[in-house]
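The values are calculated or read from the model by the stated rules, or taken from the named source; none is laboratory data. In this text the structure is predicted, and so the values were computed from the model without any measurement. For neighbour counting, all protein chains shown are included, and Cβ atoms are generated from backbone atoms with ideal geometry for every residue, glycine included. Only protein heavy atoms, including side chains, enter the accessible area calculation; ligands, DNA and RNA are left aside. Shrake-Rupley method; radii C 1.70, N 1.55, O 1.52, S 1.80 Å.
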Amino acid sequence: ANLIINPAPIGIQISGQYNGSTILSPASSVITGLVNGESLVITSATVNAKDVSSNGSNYITSVLSATGTANLNNYVINMSQNVTPNTNTTNSVIITPAPLVISAANSAKFITQTDPTGYSGVVYNGWIGLEGPGQISGVPVITRSNPGTDVAGAYTLTPSGFGASGSTNGNYQISYQTGGFTIVPAQTLLVTV
């Protein structure tokens, strides 16, 4: 008589931050269906899509590396979308947005001038790889504190235009930082770099 031992089905649910690639190093992994107290942590996997998803439409297409006491050869993973919760065959990936800070660039003018159009623009910090402003929707809007005031002094520039701070825009979670705007009195040297 021949004894055939079939691999046991397991489910994998992983989550990680958007990195612009379909190769994900998850921040967390939950494995269901392991037997005999074995453990497994997914350290790298290929997923079907690189973009942010929290609704289970992303899934693992291959496990690249894992740690733990379990031998992956003893288990079978459904390498296609399966989002049935609480089963041993669930295969789902949550990709969370990467943080992107949009800051108003510092700007200045002489007291006799009108405010510059767009001030000095915005500075982005947090793009993944070679990505840039085309990856998010919206256009920068900068507002000055006390916009009707034309008195020498320091003012605040507040950026907006890409959704509320903390909201997701494409693959990025937006946050804003203010900048400074200086109105320089007459007969004073103004140097901008």
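Some points to look at:
- Here residue 148 meets the list (1) without any contact (Cβ under 8 Å) to a residue 24 or more places away in the chain; (2) of a type outside the set (Val, Ile, Thr); (3) not in a loop (DSSP other than H, G, I, E, B) almost entirely, failing just condition (3).
- Applying a threshold of 7 Å to beta carbon distances and a minimum spacing of six or more residues, or different chains, the list of pairs starting in region 98-124 at a residue that is under 24 Å from residue 148 (Cβ atoms) and of a type in the set (S, T, N, Q) and ending at one that is assigned to a loop (DSSP other than H, G, I, E, B) and open to solvent by less than 30 Å² (accessible area, probe 1.4 Å) reads 120/105.
- The sole residue among 70, 105, 45 that is over 30 Å from residue 136 (Cβ atoms) and either surrounded by fewer than 17 Cβ atoms within 10 Å (Cβ to Cβ) or of a type outside the set (Asp, Glu) (or both) is 70.
- Of all residues in region 31-42, those being over 13 Å from residue 75 (Cα atoms) and loosely packed, with under 15 Cβ neighbours inside 10 Å number 1.
- Residue identified as in a loop (DSSP other than H, G, I, E, B) and under 30 Å from residue 49 (Cα atoms) among 120, 175, 137: 137
- Residue satisfying all of: in region 89-102; assigned to a loop (DSSP other than H, G, I, E, B) and of a type in the set (Ser, Thr, Tyr); least open to solvent (accessible area, probe 1.4 Å) among these: 90
- Residues (surrounded by fewer than 12 Cβ atoms within 10 Å (Cβ to Cβ) and either aromatic (Phe, Trp, Tyr) or within 30 Å of residue 20 (Cβ to Cβ) (or both)) located in region 134-154: 134, 137, 139
- Number of positions in region 7-18 that are part of a loop (DSSP other than H, G, I, E, B) and open to solvent by 60 Å² or more (accessible area, probe 1.4 Å): 1
- Filter pass, residue 70 being farther than 20 Å from residue 88 by Cβ, part of a loop (DSSP other than H, G, I, E, B) and more than 23 Å from the chain's Cα centre (by Cα): no
- Of the residues making up region 155-190, those that are closer than 10 Å to residue 110 by Cα, of a type in the set (A, V, I, L, M, F, W, C) and open to solvent by 50 Å² or more (accessible area, probe 1.4 Å) number 3.
- Flag for residue 56 being of a type outside the set (Phe, Trp, Tyr), under 30 Å from residue 169 (Cα atoms), at pLDDT below 90 and surrounded by 13 or more Cβ atoms within 10 Å (Cβ to Cβ): yes
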